[in-house]
Amino acid sequence: MKLKSLIKRIESKYPLNLAYDWDNVGLLVGDFDNEIKKILVTLEANESVINEAIENNIDLIVTHHPFIFSKINKINTGDLKGRLIHKLIKHDIALYSMHTNFDIAFDGLNDYFMEVIGFENTKILEVTNSEILYKLAVYVPTTHADVLRKALGDVGCGNIGNYSHCSFNSEGLGTFKPLEGSNPFIGNINDIEHVNEIKIETIVPQRILGGVLSTMQKVHPYEEVAYDLYKLENKGNSVGLGRVSKLNHSTTLVELSNKIKEKLNMKHIRIVGDLDTKVSKVAVVTGSGADMVKKAQRQGADVIITGDVKYHDAQDALDMGMSIVDCGHFETEDIFKDAMKRFLDGIEDVQTIKSSVNLNPFKIV
Ligand SMILES: [Zn+2]
């Protein structure tokens, strides 16, 4: 599969525009026209990971942490980052990063974390974007309305709550005159034609708009398709950072922490708060989420599960009556490999492997 086609598939699920402005996501190194057969997924790419990719004939490395983040003035082998970029290009290995867009997106890292631990009834902790919606109105001969309506629904038009293929249909009379040089499906050159048509109106989320219009052109019988497309004021599904979950059964802070330790295969976990505190609602922010303690409390959470908690964050949380389970930045995010591999395994013609390089910089003795 060509890299540009693969990226299209990835970004239809995890759009780049969900990322924060300060972030750096997308194809950071590589040729869009390269053929991709083998992919390596990793939390981040250091020299060991790049060597692993070379040994395994990898065409594309997909990382969570952006491989290039701060400004680069030179790319040469005298500097660590320059040497790594040079090595990637020399071995024709592309590198794609998906960071806060993957944290925020539905079925991204935070949702995957909730799934791994077994938290249900998940809601967004902080909404960052709401989906932009368009209304598509397309005019089609009555005889072809069913086929077009189904095709539009099959590619994702008209999804409202738990309903798919939603549309409104009105009958009317369409007119047109084929001019010299046209190749009309119905009617003759220079004769005004009258055709019974249906106007199909349906909702299209912005992220699938391109695919919807090409499907419409493909399925519609007319040489020139008449349609209206307009942006709506009403917004679609919301996405955002972090998740909250109301537990089906209340537990204690220590029981919750033991469960997380077991699910993430951890030997130790840091806890802020009274071990016997009752927990009935949890908040989760993968990576660094100590700045979300207040938001978590406002949403009614008793504890926030995250990484990178500093001494003063912990003191502030105690003063507020909030508990924290600090799993560590690495431990909450290394599951990126599993989440991304599951997604990429659903794409035909590419093979995905997980990096076996241990990227945890900390050791506990
Ligand atoms: Zn991170």
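The values are calculated or read from the model by the stated rules, or taken from the named source; none is laboratory data. Note that this is a predicted model, so its numbers are computed, not measured. Using ideal geometry, Cβ is built from the backbone for each residue, glycine included, and neighbour counts are taken over all protein chains shown. Remember, those area values only see protein heavy atoms, side chains included, never the ligands or the DNA or RNA. Shrake-Rupley method; radii C 1.70, N 1.55, O 1.52, S 1.80 Å.
For every residue, the table says whether it meets (1) out of contact with any Phe, Trp or Tyr (no Cβ under 9 Å at 6 or more places or on another chain); (2) within 16 Å of the ligand (Cβ to nearest atom); (3) under 17 Å from Asn24 (Cα atoms).
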position: Thr63; (1), (2), (3): no, yes, yes
position: Thr77; (1), (2), (3): yes, no, no
position: Leu84; (1), (2), (3): no, no, no
position: Lys87; (1), (2), (3): yes, no, no
position: Asp92; (1), (2), (3): yes, no, no
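Quick one: is Val303 open to solvent by 10 Å² or more (accessible area, probe 1.4 Å), at negative phi and among the β-branched types (Val, Ile, Thr)? Walk me through how you get there before you give the answer.
Values: open to solvent by 10 Å² or more (accessible area, probe 1.4 Å): no; at negative phi: yes; among the β-branched types (Val, Ile, Thr): yes.
No: the conditions fail for Val303.
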Pairs, please: C-beta under 8 Å, at least 6 apart or cross-chain, first residue over 20 Å from Leu43 (Cα atoms) and in the range 64-89, second among the hydroxyl-bearing types (Ser, Thr, Tyr) and surrounded by fewer than 16 Cβ atoms within 10 Å (Cβ to Cβ)?
His86/Thr77
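Each row is one residue, and each column tells you yes or no for (1) buried (at least 16 other Cβ atoms within 10 Å of the Cβ); (2) touching a Phe, Trp or Tyr at 6+ places or on another chain (Cβ under 8 Å); (3) of a type in the set (Asp, Glu).
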| residue | (1), (2), (3) |
| --- | --- |
| Leu133 | yes, no, no |
| Val138 | yes, yes, no |
| Asp146 | no, no, yes |
| Gly153 | yes, no, no |
| Cys157 | yes, no, no |
| Phe168 | no, no, no |
| Thr175 | no, no, no |
Against the condition among the acidic types (Asp, Glu), in contact with a Phe, Trp or Tyr (Cβ under 9 Å, 6 or more places away or on another chain) and in contact (Cβ under 8 Å) with a residue 12 or more places away in the chain, how does Glu44 come out, does it pass?
yes
Scan (1) buried (at least 17 other Cβ atoms within 10 Å of the Cβ); (2) of a type in the set (Gly, Ala, Ser); (3) free of Cβ contacts under 8 Å to residues at least 40 places away in the same chain for the single condition Gly240 breaks and write down its number.
(3)
Quick one: Glu193 ticks every box in (1) without any contact (Cβ under 8 Å) to a residue 24 or more places away in the chain; (2) within 23 Å of the chain's Cα centre (by Cα) except a single one, so which number is it?
(2)
When you scan the range 246-269, how many residues do you find that are under 15 Å from Gly118 (Cβ atoms), crowded, with 17+ Cβ neighbours inside 10 Å and of a type outside the set (S, T, N, Q)?
3
Matching residues in the range 285-321 - criterion: being away from the ligand (no atom under 16 Å from the Cβ), within 28 Å of the chain's Cα centre (by Cα) and small (Gly, Ala, Ser):
Ala296, Gly300, Ala301
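Among the listed residues Thr332, Thr306, which satisfies the condition of being touching a Phe, Trp or Tyr at 6+ places or on another chain (Cβ under 7 Å) and not hydrophobic (A, V, I, L, M, F, W, C)?
Values: Thr306 fails: touching a Phe, Trp or Tyr at 6+ places or on another chain (Cβ under 7 Å).
Exactly one of Thr332, Thr306 is touching a Phe, Trp or Tyr at 6+ places or on another chain (Cβ under 7 Å) and not hydrophobic (A, V, I, L, M, F, W, C), namely Thr332.
Among the candidates Gly156, Gly161, which residue alone is at positive phi and in contact (Cβ under 8 Å) with a residue 24 or more places away in the chain? Spell out the reasoning first.
Values: Gly161 fails: in contact (Cβ under 8 Å) with a residue 24 or more places away in the chain.
None of the others qualify; the one that does is Gly156.
In contact with a Leu (Cβ under 7 Å, 6 or more places away or on another chain) and either aromatic (Phe, Trp, Tyr) or not in a helix (DSSP H, G or I) (or both): does that describe Asn129?
Values: in contact with a Leu (Cβ under 7 Å, 6 or more places away or on another chain): yes; either aromatic (Phe, Trp, Tyr) or not in a helix (DSSP H, G or I) (or both): yes.
So Asn129 passes the test.
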Which of the residues belonging to the range 278-301 are in contact with a helix residue (DSSP H, G or I) (Cβ under 8 Å, 6 or more places away or on another chain), of a type in the set (S, T, N, Q) and in a strand (DSSP E or B)?
Thr286, Ser288
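Determine if the range 101-112 includes at least one residue that is over 26 Å from Val293 (Cα atoms), touching a residue at least 40 places away in the same chain (Cβ under 8 Å), within 16 Å of the ligand (Cβ to nearest atom) and open to solvent by 10 Å² or more (accessible area, probe 1.4 Å).
Step one: filter the range 101-112 for residues over 26 Å from Val293 (Cα atoms), giving none.
The answer is no, given that none of the residues of the range 101-112 is over 26 Å from Val293 (Cα atoms), touching a residue at least 40 places away in the same chain (Cβ under 8 Å), within 16 Å of the ligand (Cβ to nearest atom) and open to solvent by 10 Å² or more (accessible area, probe 1.4 Å).
Regarding Ile85, is this residue modelled with pLDDT of 95 or more, farther than 28 Å from Ile208 by Cβ and outside any strand (DSSP E or B)?
So Ile85 passes the test.
From the residues in the range 55-82 that are small (Gly, Ala, Ser) and open to solvent by 10 Å² or more (accessible area, probe 1.4 Å), which one is nearest to the chain's Cα centre (by Cα)? Lay out the reasoning, then the answer.
Of the residues in the range 55-82, the ones small (Gly, Ala, Ser) are 70, 78, 82.
Subset that is open to solvent by 10 Å² or more (accessible area, probe 1.4 Å): 70, 78.
Numbers: Ser70: 23, Gly78: 36 Å.
The extreme case among them is Ser70.
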Options Asn51, Asn17; residue that is in contact with a helix residue (DSSP H, G or I) (Cβ under 8 Å, 6 or more places away or on another chain) and assigned to a helix (DSSP H, G or I):
Asn17
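Based on this model, can you work out whether Ser323 counts as crowded, with 22+ Cβ neighbours inside 10 Å and closer than 18 Å to Ile61 by Cα?
Spelling it out, it is not the case that Ser323 is crowded, with 22+ Cβ neighbours inside 10 Å and closer than 18 Å to Ile61 by Cα.
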